[in-house]
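The values are calculated or read from the model by the stated rules, or taken from the named source; none is laboratory data. In this text, all values refer to a predicted model and were calculated from it rather than measured experimentally. A quick note on method: Cβ atoms are made from the backbone with ideal geometry, for glycine too, and the neighbour counts reach across all protein chains shown.
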Amino acid sequence: MLSRALRRLGASTLVLWGVVTLAFVINFALPGDAARILAGPQARPADVARIREKLGLDQPLLVQYRRFLGRLLHGGPSSLNPRDEAHGSCTALGPIHVDLGVSYQQRKPVLVLLASRLPASLLLASAALLVQLLLGILAGTLAAVRKGSILDHGVVSLTLLGVSTPTFFLGLGLQYLLAYRLRWLPFDGYGTTWPERLRSVILPALTLGFFGAAYYTRLVRDEVLGQLRQDYARTALAKGASRLRVLVVHVLRNTLLPLLTVVGLDFGALLGGAIVTEKLFRWPGLGQLSVDAVVERDGPVILGTVLLASSAVILANLLVDLSYALLDPRSRSP
Amino acid sequence: MVLSLALAVLVGCDVPVAGPLGVPGNPGAPPQRGGWLQVASYTHVRTLDPAIAFDEVANSIEHFLFAKLLDFSPDGQGFVPDLAENWEVSDDQLRVVFHLRRGVRFHDGVEVLASDVKRSLERALHPDTPCPVSSFYERITGYRDFVQRRASSLSGVKVEGDYTLVIELSEPDSTLLSVLALPTAAPVCRSAGAVYDREFTSHPCGAGPFRFHSWEPGRYIRMERFEGYYQPGRPYLDGIEYAFNVPTFTQRFKFEDGLLDHIRELGEADLARYLASPAWHGLGAWEPARAIHSLFMNTEIPPFDSRPFRKAIAAAIQREQLAMVRPGSVRPASRILPPAIPGHDPSPGQRYDLALALDLMREAGFPYDPVTGRGGYPRELTYVAISDSFDVEAAQILQQHLARIGVRFRIRAQGWPAHLAETSRRRTVAFGSDGWAADFPDPSDFFEPLFSSKAISEEESQNRAFYRNPRLDALLEEARREPSQERRLALYHQAEDMVLDDAPWAVLYSKRWFELWHPYLRGYRIHPARSGDLAFTWIDLQARTAVQGARWAPPLSRGQLALWIRPGGKH
C-alpha cells in the first residue's frame, strides 16, 4: 500500500512538472506579454520596454524558466520580511522556501493570492459536490427502482436537459428567479460572515451542481439497475429482506464505488474550473483568478493556478485510488 | 424546473425596464450630507497606486482618492485649480510656476507641501516604478538623466519654499498641464515612500475628497468621506462603494433594485429598452465620445502603399450602416478627433462616394466593374480585428462595402494583446481594426502616437499604418510648441485634413456610453474628460429611504408567487 502510494506520488510529481513547464512555454510563446497589458493598449513603446525590463520579461525563455524553477523551492531564513527583495514573496516551511513569484498585474505574492482564494473555492466546490451527490443519488435511485415509469422517463429527460444546459444560462435563470424576482437570495458576492457566505453559496452551488447532478443521476441509475440484477441482490430479496433494505444496505453501497472515482475527479476540477459560475456570481475563487491571469498574461499567477489545480486533481485521484483499495477488497491484490 | 428557469431567463431578457426610484427633486435644493453611493463595473482594478494604474476604472477611483495640482475644467476645454491656487507660464513656455494652497492635508493629516508634489512626481517617474505613462513627462528638464539613473532627482522640478513649485521644460510642451492633471502626477502621502512600493496599493493615501476605507481585490473598494478635505463642507456623500466584476446583466437588475445608484455599463438590448422607456424619458445622459475607431492601412505593404487605393477604401465605406447595428452607442465618424476632444470638427471628413471609390480603384491600377463583378484587387486580403468586440461585426459590414469596389478580404479575429503585438510589428499586417481613446483631452494625444513618424518602430509601433509625412511631423511639432490654444487647434485641424487626405486610416465610428442614475442621486453632471465623476454628488436621503423601504418589502405571498413571472410589475 505504502509503496503504491509512493509510486503514485513520484509519477504525480513528474506530471506536475510537465504541466507547469508546458504552461510556461505556451505563455512565453503567445504574442503580446504582461508588460504590454500592464501598460495598457495605448502605452508608448519606451514605457512598455521599461516595464518589460523591470519584470524581467526581456530575458530569454531559458533564463526566465531557470529563474522560476530556482525560486520555486529554495533555502532561506525561517522568518520572513515582506520588504526583503530576495524573499519577500516566499512562504517559509522552516528553512525551505516556496516562492511562486509576484503577480505582474496585482503586485502581490502569488502564494498570498492563491491562499486568499482557496477557501472560497473549497466552499463552492464542496457545496456544488453536495448538490450533485444529493440530487444525483436521489433521482438516479428513484429512476432505477421505477424503471420504465413516467418518473423514470421524466428523470432521464431532465438529465439530458441538465447536461445540455449551459452554465451561464442556468445561472442567469436562477439569479433572475431567486434573487431578482423572489428576493430570497443575494444576487452575488461572498459575504463577510459565515451565515452570509452560506446564503451566498446557494445560487452558485445550484448552478454548478445541476450539471454534475444530471450526470450523476444517469450514472447512479445505470449502476443501481445493474446491481439489482446481481445474484446477491436477488438472494437477499429471496431471503425476505425488504426492497428498501436491499436497496440501501446492499445496492447503494456497491453503487458508491464507481461514483467515488467520478467524485474525486470532479472535486479537483470544480476547485479551479468553476470559471463561468464564479464570474457570474462574483465568487472570489481560483477559477476567476485563473481566467483573469490568462487574459492579463500574468505568468506567475497562471503558473500558480496551474500548479494548484493540477495538484488538486492529482491529490484527489490519489486519495480515490487509495480509498478504492480500502473499500474494494478485490483491488488490493497485487 | 429547467423549463421554468429557461422561461424565466427568456422573460427576464425581454422584461420591460422598471421605472426610476424616486422623483426628480428641486434642482435648486441645497445638497444634503450622508449616504453611501453604490456603483459597479464589469471589470476590476489591479492596483490603486496612481503611479502605475492607468485604466479607466482605476482612473475614476483615483479621482476620489487623490487631489492633483490642477484638474480638467467641467467642459473639458481647459483647466481649473485643485491643489494649486494658480499658476503662471513663462513667455518662452519653458517654465511653469505653481502656487499651492495653504493648509491642505493628506488623509494622514500631514500638510501637502511643494516638496510632496516633487517627491510624488519623482516616485512615479522613478526607473524602478513600472509607470505606464512615464514618457508623457519626458520634456521636463532632467527627465532622461533621472530615468536612466544618471541623476538622483528630477532637476526640472524645483521647490521654492513650502508652497511654490517650479517645473522647467527642456522644450515647449503644450500638453504639460494636461499630464499634470492626470492621477499619475497626484501627490501621495509620505508613507508611500520615495519609489514604488507594492504595499502602498493596499492603503492608498492622497489628498482627495475620499479616503481609503477597505478593498477586497476583485470584489469591491470602499472609500469614506475625508473630513479634512480642503473644500469646506465637501464632499457630501458619507462614502462610495465601487463593486467590481459585476456582469452587465446583473448590474441592470441591481440598479432597478436600488442596489446600485448609477449605471454606465448597459448591454445593448437593455440600453435600447431604457431609451425607449417613457418612465426614463429625460433621465440619464450620453457621455461625449472620447474614443475613435478606424480601419488602418499599412502604407508599407501593397496594395496599401498606393494612396489612391487607400482613398478608394475610405470612400467605399457607408459609416451610417455601421451605426445602425448599435443605434445610439455607435456614431458614424469621418474625422479623427472624437466629440469630447478640443478641436473636434463636426463637419464631414472622409465621405462615402462609390463612384469616386471606383475611379480611385482605376487610378490605383485595379479597375472594377460592379455590373459584371470583373476586375478589382486580384487577391483575397486578410483583415485583423479584435475578438469579442464590435470590431468583428463592423468588419463583416466592411466586407460587403469593399466588395462593391472589388476588394475582398477574410476576417481574422484575435485577442487584443496578440492584435497589438502583430499590428505594431513592421511589415506584418496589411490592414485591420484600430482605434484610440483619449489619455487626456488634447488633440496631440491622437496625432502624435498615431500618425507621426516618431511613433514608428520595428516592433512596438503605435503608428500602425506606418504612415510617414514630413510635413505632418513639422506641423505637429509646431502645434506642440504653440502657446495659443486657438492657433494650436487650427494647426491640428490642418493636420487632420492632411491625414484624412492621405488616408492611412479610414475613420469608421466613435463609441459613446449612456449613463443612468436614479433621481434621488443629485448634483451629477457628466464630465467630458472622464467617466463616473461622482465625487461631489449627493443623495436625497428621504427619497432613497422611501424606495429602499419598498425594495425590502416582505417576500412575495403565495398569490404573488404565482404571478412572479408578470413582467415589469415590480415598481
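Overview of results
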| quantity | calculated |
| --- | --- |
| Selection count where residues are within 13 Å of chain A (Cβ to nearest Cβ) and either assigned to a loop (DSSP other than H, G, I, E, B) or in contact with a Ser or Thr (Cβ under 7 Å, 6 or more places away or on another chain) (or both), scope segment B:413-443 | 13 |
| Count of residues meeting criterion [closer than 18 Å to residue B:335 by Cα and of a type in the set (Gly, Ala, Ser)] in segment B:433-479 | 7 |
| Criterion: in a helix (DSSP H, G or I), more than 14 Å from chain A (Cβ to nearest Cβ) and modelled with pLDDT of 95 or more - qualifying residue of B:492, B:467 | B:492 |
| Residue match in segment B:519-533 (condition: crowded, with 20+ Cβ neighbours inside 10 Å, assigned by TED's automatic domain parsing to the domain that holds residue B:261, out of contact with any Lys or Arg (no Cβ under 8 Å at 6 or more places or on another chain) and not in a loop (DSSP other than H, G, I, E, B)) | yes |
| Elements of type helices (runs of 4 or more DSSP H) in segment A:176-287, at least 1 residues being crowded, with 22+ Cβ neighbours inside 10 Å | A:194-200, A:202-228, A:252-273, A:275-280 |
| Criterion violated by residue B:268 - all others in (1) out of contact with any strand residue (DSSP E or B) (no Cβ under 9 Å at 6 or more places or on another chain); (2) acidic (Asp, Glu); (3) within 14 Å of another protein chain (Cβ to nearest Cβ) satisfied | (3) |
| Criterion violated by residue B:261 - all others in (1) touching a residue at least 24 places away in the same chain (Cβ under 8 Å); (2) under 23 Å from residue B:327 (Cβ atoms); (3) more than 14 Å from chain A (Cβ to nearest Cβ) satisfied | (2) |
| Among residues of segment B:298-340, those that are touching a Gly at 6+ places or on another chain (Cβ under 9 Å) and assigned to a strand (DSSP E or B), counted | 0 |
| Any hit, segment B:43-54, residues being within 10 Å of another protein chain (Cβ to nearest Cβ) and at pLDDT below 85 | yes |
| Segment A:1-33: number of residues that are within 27 Å of the chain's Cα centre (by Cα), surrounded by fewer than 18 Cβ atoms within 10 Å (Cβ to Cβ) and within 14 Å of another protein chain (Cβ to nearest Cβ) | 4 |
| Residue that is farthest from residue A:145 (Cα to Cα) [pool: residues in segment A:243-295 that are within 14 Å of chain B (Cβ to nearest Cβ) and of a type in the set (Ser, Thr, Tyr)] | A:290 |
| Given (1) surrounded by 12 or more Cβ atoms within 10 Å (Cβ to Cβ); (2) part of a loop (DSSP other than H, G, I, E, B), number of the condition residue B:385 does not satisfy | (2) |
| Test for residue B:439: is it in contact with a Phe, Trp or Tyr (Cβ under 8 Å, 6 or more places away or on another chain) and assigned by TED's automatic domain parsing to the domain that holds residue B:320 | yes |
| Filter pass, residue A:240 being among the small types (Gly, Ala, Ser), on the phi > 0 side of the Ramachandran plot and over 17 Å from the mean Cα position of the chain (by Cα) | yes |
| Qualifying residue in segment A:178-196 (condition: away from chain B (no Cβ under 14 Å) and either within 21 Å of residue A:138 (Cα to Cα) or of a type in the set (A, V, I, L, M) (or both)) | no |
| Considering residues of segment B:205-231 that are within 14 Å of chain A (Cβ to nearest Cβ) and in a strand (DSSP E or B) only, the residue farthest from residue B:71 (Cα to Cα) | B:216 |
| Residue among B:214, B:174, B:202 that alone is among the hydroxyl-bearing types (Ser, Thr, Tyr) and either more than 25 Å from residue B:37 (Cα to Cα) or buried (at least 19 other Cβ atoms within 10 Å of the Cβ) (or both) | B:174 |
| Count - residues of segment B:315-358 that are free of Cβ contacts under 8 Å to residues at least 60 places away in the same chain and among the hydrophobic types (A, V, I, L, M, F, W, C) | 7 |
| Subset tally (residues that are closer than 26 Å to residue B:457 by Cβ and surrounded by fewer than 17 Cβ atoms within 10 Å (Cβ to Cβ)) for segment B:390-411 | 0 |
| Segment B:232-270, residues that are of a type outside the set (D, E, K, R) and either assigned to a strand (DSSP E or B) or within 14 Å of residue B:537 (Cα to Cα) (or both) | B:233, B:235, B:236, B:237, B:239, B:240, B:242, B:243, B:262, B:263 |
| Residue check, residue B:237 more than 14 Å from chain A (Cβ to nearest Cβ), surrounded by fewer than 22 Cβ atoms within 10 Å (Cβ to Cβ) and either touching a residue at least 60 places away in the same chain (Cβ under 8 Å) or in contact with a helix residue (DSSP H, G or I) (Cβ under 6 Å, 6 or more places away or on another chain) (or both) | no |
| Restricting segment B:126-144 to residues that are more than 10 Å from chain A (Cβ to nearest Cβ) and not polar (S, T, N, Q), the residue that is surrounded by the fewest Cβ atoms within 10 Å (Cβ to Cβ) | B:144 |
| In segment B:444-460, the residues that are among the acidic types (Asp, Glu) and not in a helix (DSSP H, G or I) | B:458, B:459, B:460 |
| Matching residues, segment B:59-92, being on the phi > 0 side of the Ramachandran plot and surrounded by fewer than 17 Cβ atoms within 10 Å (Cβ to Cβ) | none |
| All positions within segment A:1-51 that are free of Cβ contacts under 8 Å to residues at least 60 places away in the same chain and on the phi > 0 side of the Ramachandran plot | A:40 |
| Residues that are within 11 Å of chain A (Cβ to nearest Cβ) and under 21 Å from residue B:20 (Cα atoms), drawn from segment B:244-254 | B:246, B:247, B:249, B:250, B:251, B:252, B:253, B:254 |
| Qualifying position, being in contact with an Asp or Glu (Cβ under 7 Å, 6 or more places away or on another chain) and modelled with pLDDT of 85 or more, among B:21, B:37 | B:37 |
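Condition check ((1) touching a Ser or Thr at 6+ places or on another chain (Cβ under 9 Å); (2) farther than 30 Å from residue A:180 by Cα; (3) among the hydroxyl-bearing types (Ser, Thr, Tyr)) across all residues:
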| position | (1), (2), (3) |
| --- | --- |
| B:461 | yes, yes, yes |
| B:472 | yes, yes, no |
| B:502 | yes, yes, no |
| B:508 | yes, yes, no |
| B:512 | yes, no, no |
| B:521 | yes, no, no |
| B:535 | no, no, no |
| B:540 | no, no, no |
